[in-house]
Amino acid sequence: MADTVFVVGLGPGDGQFLTGQAGAALEQAQVFCGYTVYLDLVRPLYPDKEYCATGMTRELDRCRHALELAQAGRTVALVCSGDAGVYGMASPLLELAEQFPEVDVEIIPGLTAALSGGAVLGAPLAHDFCVISLSDRLTPWQVIAKRLAAAAMGDFCVALYNPSSKGRPDYLARAVDILLENGKAPDTVCGLVRNIGRPGQSHQVLSLAQLATTPVDMFTTVFIGNAATRQLGGKMVTPRGYRP
């Protein structure tokens, strides 16, 4: 009787960024569950599906409802932006799925912002890199600060998600201070991409020192280079290896 929950990463949101696997899962699903903003991204592509929307902070409610629908025999797509396993819904759904042993769960990967935004800028993540969210809603700031320091000391390229919001407007500036204190140079090449793959997409390349005073929001992904990253022809380029 029970059916399947597909956990689908939508990428940036525009239909051209959906993988073939994601498109097949969405076609198969009878019900779409997700945060309202993400459902609105796919509603024009699948207008005849059934939609169940929940608010920003109701992730577990969303996962439980998707599993309950599948338990009742519906095929469900639980959608999120980017990749389902990168700050997405795959983890919380799998944590609850043990309570629904008859439901099949399939995780469908998507194009996360580090990759789609990186392509807009050029090749900022061509060497070792890490992804860090500056949101302290689920992770204490002390942990975030420790990870930023470690990334700087290791000279990693860094993609920063959730760099600022109304409740924490200075978090990017604080992150820049930590990076500078732990080995990143002020002239480190950085980049910003806002509204990746959506109307109004914009980007710029700038230095780490300039980044500290540049306005950003939750729709912005920030890229910080390593010591070898350069600006070439207006693009942010990190060489694939260190050269003498």
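The values are calculated or read from the model by the stated rules, or taken from the named source; none is laboratory data. Just so you know, these numbers come straight off a predicted model, no measurement behind them. A quick note on method: Cβ atoms are made from the backbone with ideal geometry, for glycine too, and the neighbour counts reach across all protein chains shown. Ligands, DNA and RNA are stripped out before the accessible areas are found, and what is left, the full protein with its side chains, is counted by its heavy atoms. Shrake-Rupley method; radii C 1.70, N 1.55, O 1.52, S 1.80 Å.
Calculate log10 I(q)/I(0) of the stretch 99-146 for q = 0.16, 0.22, 0.29, 0.30 Å⁻¹, where I(q) comes from the Debye formula with a single equal point scatterer on each Cα and nothing for solvent.
-0.75, -0.90, -1.03, -1.06
For Asp14 and Cys130 in the same chain, what is the full-extension length gain: residue separation times 0.36 nm, less their Cα-Cα distance, in nm?
Gain in length upon complete extension: 39.2 nm.
Helix-derived [θ] at 222 nm for the chain: sum -39500 (n - 2.57) over DSSP H runs of at least 4, divide by residue count, nearest 500?
Helix-only estimate at 222 nm: -8500 deg cm²/dmol.
So what's the net charge close to Thr229: Lys and Arg +1, Asp and Glu -1, counting the other residues with Cβ under 11 Å from its Cβ?
Residues near Thr229 contribute +1 overall.
At 0.36 nm per residue, and after removing the present C-alpha to C-alpha distance, how many nm does the segment from Arg43 to Ala173 gain when stretched out fully?
Using 0.36 nm per residue and subtracting the Cα-Cα distance, I get 43.1 nm.
Please give the contour-minus-distance gain from Phe219 to Arg137: 0.36 nm per residue of separation, less the Cα-Cα distance, rounded to one decimal in nm.
The Phe219-Arg137 span can extend by a further 27.9 nm.
If you roll a 1.4 Å probe over the stretch 99-167 with all protein chains in place, what percent of the accessible area is carbon or sulfur?
Here carbon and sulfur together make up 57 percent of the probe-accessible area.
I want the antiparallel fraction of DSSP beta bridges within the chain, as a percent rounded to 5.
Close to 40 percent.
What accessible area per residue comes out for the stretch 163-244, rounded to a whole number of Å², with a 1.4 Å probe?
Solvent-accessible surface per residue comes out at 53 Å².
Using the basic label-point model (7 angstrom from Cα toward the beta carbon), what is the Leu60 to Gln28 distance in nanometres?
2.9 nm
Once you've got the GNM for the chain with C-alpha springs shorter than 10 Å, pick whichever of Pro186, Pro12, Pro163 has the biggest mean-square fluctuation.
Top of the fluctuation ranking is Pro186.
Which shape class, rounded, prolate or oblate, goes with the chain when its Cα gyration tensor gives a ≥ b ≥ c as root eigenvalues, a/c under 1.5 marks rounded, and past that a/b bigger than b/c marks prolate?
prolate
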